[in-house]
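The values are calculated or read from the model by the stated rules, or taken from the named source; none is laboratory data. Just so you know, these numbers come straight off a predicted model, no measurement behind them. Here the Cβ positions follow ideal geometry from the backbone for every residue, glycine too, while neighbour counts run over all protein chains shown. Only protein heavy atoms, including side chains, enter the accessible area calculation; ligands, DNA and RNA are left aside. Shrake-Rupley method; radii C 1.70, N 1.55, O 1.52, S 1.80 Å.
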Amino acid sequence: MKLATLKNDTRDGQLVVVSKDLSKAVAVTEIAATMQSALDNWDQVEPRLQSVYEKLNAGEMAQATDFEQANCESPLPRAYQWADGSAYVNHVELVRKARGAEMPESFWTDPLMYQGGSDDFIGPRDDVLLPSDEWGIDFEGEVAVVTGDVPMSVSPENAGKHIRLLMLVNDVSLRGLIPGELAKGFGFFQSKPASAFSPVAVTPDELGDKWQDSKVHLPLLSEYNGKAFGKPQAGEDMTFNFAELVAHAAKSRNLGAGAIIGSGTVSNKQGTDHGTSIDEGGVGYSCIAEVRMIETIRDGKPSTSFMRFGDTIKIEMLDESGASVFGSIEQTVKQA
């Protein structure tokens, strides 16, 4: 099943069921007016939403309208919880190697995770507005899950049962602000502005056999300024799967329905120490920082600049037939 939130005159938008091919949508106000309402009452409303989805795909919903991704909010325009992991330890290893630091062995057994701002997500086709492009603006292509209610100290074996939806993420980062914040020893804040999520959220069963071991086994595609930048496989080199990330987040607290847990930047080793760009025959990268790290390791300093006002990013995932699964995040960085 595919769900989206259309913009309206409220903060939380209008929940719609979207057809499999992303061409049609139908409002389901009588079932759930918003995505959060659906998640709060998932066991009761999911069968009804699924019935609408099946009828919509069969062409049996006369009230269906054309689905326009540009009219979408992020599936949850705001959320009670947004916690982002770093499940691709190759990415973490590169960050530390570029600055000459060894990576602790615990990073392979205990996930990294930070708590992001969740009160103000960006629409998937809305501009990324920031005061300055001197702060090291970067995109980060990720996958995320949305949970139902998750009990404290849930085991990884049981955590996967609480995953309701999957989305893509552009986790915007301000790389120039990160070192100063981390040096304080208290984590990210100003360096992590609002994130954006894909137009459509999908239930895990929608992915068929591409959802296995609580991982999405499809490539994540990034186009930077209209040029292919990354196509790493999201299911490869993922040290911690989504069930493990959800369990980690719930170790000492309950997670409420609608909690979003991110994978961190999707990153593949590609059989080398650091990966290879698409131009060099590899699968590329999901953020600019990785390219700069490799340049630093190889050349002693980075040569690729971070995003400037006017730069664009597109993030998407296609199934084996070439059809878009989640719709696409397409954004331009502009001055606030």
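Listing for the model above:
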{"quantity": "Alpha-carbon Debye profile of the range 194-235, log10 I(q)/I(0) at 0.25 Å⁻¹", "calculated": "-0.99"}
{"quantity": "For q = 0.15, 0.19, 0.23 Å⁻¹, Debye-computed log10 I/I(0) when each Cα of the range 60-177 counts as one equal scatterer", "calculated": "-0.93, -1.27, -1.47"}
{"quantity": "Three semi-axes of the equivalent ellipsoid, the range 220-265, Cα gyration tensor, whole Å, largest first", "calculated": "29, 13, 7"}
{"quantity": "Lys20 paired with Ser277, simple spin-label distance in nm, labels 7 Å along Cα-to-beta-carbon", "calculated": "4.0 nm"}
{"quantity": "Among 287-294, 62-69, the order from most to least packed when residues are scored by Cβ within 10 Å on average", "calculated": "287-294, 62-69"}
{"quantity": "Square roots of 5 times each gyration tensor eigenvalue, C-alpha, the range 1-108, largest first, Å", "calculated": "38, 15, 14"}
{"quantity": "Residue-span extension gain [Met103 to Lys184] - 0.36 nm each, minus C-alpha spacing", "calculated": "27.2 nm"}
{"quantity": "Three principal axis lengths of the range 207-336 [C-alpha, angstrom, descending]", "calculated": "43, 37, 36"}
{"quantity": "Kirkwood-based shape ratio for the range 157-240, expressed as Rg/Rh from alpha carbons", "calculated": "1.04"}
{"quantity": "Fluctuation leader among Ser222, Ser23, Ser286 - the chain, Gaussian network, Cα springs under 10 angstrom", "calculated": "Ser23"}
{"quantity": "Accessible area of the range 233-288 divided out per residue, in Å², using a probe of 1.4 angstrom", "calculated": "34 Å²"}
{"quantity": "Long-range HN-HN contacts of Asn8 with modeled amide H, under 5 Å", "calculated": "Gly13, Gln14"}
{"quantity": "Within the range 68-177: Cβ-based charge dipole about Cα centre, in debye rounded to nearest 20 (Lys, Arg +1; Asp, Glu -1)", "calculated": "260 debye"}
{"quantity": "Among the listed pairs Lys161/Lys210; Lys97/Lys210; Lys161/Lys251; Lys20/Lys210; Lys20/Lys55; Lys97/Lys215, those beyond 23 Å (Cα-Cα)", "calculated": "Lys97/Lys210; Lys97/Lys215"}
{"quantity": "Under-5 Å amide H pairs with Ala234, H placed in peptide plane, nonlocal only", "calculated": "Leu218, Leu220"}
{"quantity": "Selection from Ile178, Ser51, Ser252 lying farthest towards where the dipole of the chain points positive, charges on Cβ", "calculated": "Ile178"}
{"quantity": "Isotropically averaged projected area of the range 272-312, using the convex hull of Cα atoms (one quarter of hull area), nm²", "calculated": "3.3 nm²"}
{"quantity": "Hydrodynamic radius of the chain per Kirkwood, over alpha carbon pairs, in Å", "calculated": "20.1 Å"}
{"quantity": "From phi via Karplus (6.51, -1.76, 1.60), per-residue ³J(HN,Hα) for the range 68-77 in Hz, x at Gly/Pro", "calculated": "10, 4, 5, 8, 8, 7, 4, x, 10, x"}
{"quantity": "Cα shape, the range 103-170, gyration tensor, a/c 1.5 rule", "calculated": "oblate"}
{"quantity": "Equivalent ellipsoid, the range 111-260 (semi-axes from 5 times Cα gyration tensor eigenvalues, Å)", "calculated": "26, 21, 14"}
{"quantity": "³J(HN,Hα), Karplus 6.51/-1.76/1.60, whole Hz, each residue of the range 194-206, x for Gly, Pro", "calculated": "4, 9, 10, 10, 4, x, 10, 10, 10, 6, x, 5, 4"}
{"quantity": "Sites matching chymotrypsin sites (Phe, Trp or Tyr not before Pro) across the range 171-218 that sit in DSSP coil, with at most 12 neighbouring C-beta atoms within 10 Å", "calculated": "Phe186"}
{"quantity": "Three-way shape label, the range 43-82, alpha-carbon gyration tensor, a/c 1.5", "calculated": "oblate"}
{"quantity": "Glu157 versus Thr65: modelled label distance in nm, points set 7 Å from Cα along the beta carbon direction", "calculated": "4.8 nm"}
{"quantity": "Centre separation in Å (Cα based) which lies between the range 124-184 and the range 255-328", "calculated": "14 Å"}
{"quantity": "Per residue convex hull volume, Cα atoms of the range 247-301, in Å³", "calculated": "135 Å³"}
{"quantity": "Quotient of Cα Rg and 2.2 N^0.38 Å for the range 285-336, N being how many residues it contains", "calculated": "1.51"}
{"quantity": "GNM result for the chain, Cα springs below 10 Å: residue of Thr276, Thr312, Thr29 fluctuating most strongly", "calculated": "Thr29"}
{"quantity": "Whole-Hz ³J(HN,Hα) from phi, Karplus 6.51 cos²θ - 1.76 cosθ + 1.60, for the range 34-48, glycine and proline x", "calculated": "10, 4, 5, 4, 4, 5, 5, 10, 4, 4, 7, 8, 4, x, 6"}
